[in-house]
Amino acid sequence: MAKRGTFEGREGLEAWTRSQLETYAREYGSALKRYFDRRGAASEVSQDLVQEVFVRLAGLSRKSAIRNGEAYLMRTASNVWIDYLRKQQRADGRIHFEYDDDTHSPAGSSPENVLESRQNLEQVVRALEGLPPRTRQIYLLCRVDGQHRRVVAKQLRISISAVDKHLISATKTIGLAAKDRD
């Protein structure tokens with residue numbers, strides 16, 4: 001059994017085997033999940049992040065020397081969390097649609113689909129035009145131009161929470177317009 005806080009009590013990972021990695025996963029898996037849960041990750045996201053920690057450990061160079069395995073494990077978890085937050089920040093405000101042959105193929109560009117897409121776009125444009133000017137401006141700056149909420153707040157001399165409220169209002173209005181269309 002591994003000595004707590006070390007990788008099999010050795011200076012490096014030369015002797016790291018799959019069973020040793022599994023032992024670490026059993027010993028520290030729930031602690032890592034709690035670590036991510038406390039930071040606000042959804043339960044299924046926490047599980048994925050724990051998995052990512054062990055994937056990174058499994059991919060270490062066999063020549064890596066690690067003196068304190070527990071500290072290294074937590075540092076890896078911290079790095080995984082930071083990477084996750086960066087990824088979320090990059091994706092903030094963007095919607096991802098799965099590729100669908102019927103929708104994205106040239107055959108999916110039938111006159112009916114083109115007409116429906118134009119009508120959907122017109123509905124969104126009408127919803128945008130129906131927004132109060134300030135709300136529309138904030139929505140376009142953040143969601144279309146991709147500016148950060150903090151920058152928009154400073155530019156308009158309002159609080160970040162005011163920007164958030166305008167964004168929520170605009171998103172709700174546009175979402176309802178799209179839902180009415182369906």
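The values are calculated or read from the model by the stated rules, or taken from the named source; none is laboratory data. Since this is a predicted model, take the numbers as computed values, not measurements. We place every Cβ from the backbone using ideal geometry, glycine too, and count neighbours over all the protein chains shown.
Annotations
- Evaluation of Gly40 against the conditions (1) small (Gly, Ala, Ser); (2) under 30 Å from Gly146 (Cβ atoms); (3) at pLDDT below 75; (4) out of contact with any helix residue (DSSP H, G or I) (no Cβ under 9 Å at 6 or more places or on another chain) shows that the sole unmet condition is (3).
- Near pairs, Cβ below 8 angstrom, 6+ apart or cross-chain, from segment 60-78 (within 16 Å of Leu49 (Cα to Cα)) to any residue that is at pLDDT 80 or above and loosely packed, with under 12 Cβ neighbours inside 10 Å: none
- Candidate set: segment 102-154, residues that are surrounded by fewer than 15 Cβ atoms within 10 Å (Cβ to Cβ) and among the hydroxyl-bearing types (Ser, Thr, Tyr); chosen: the one modelled with the lowest pLDDT: Thr103
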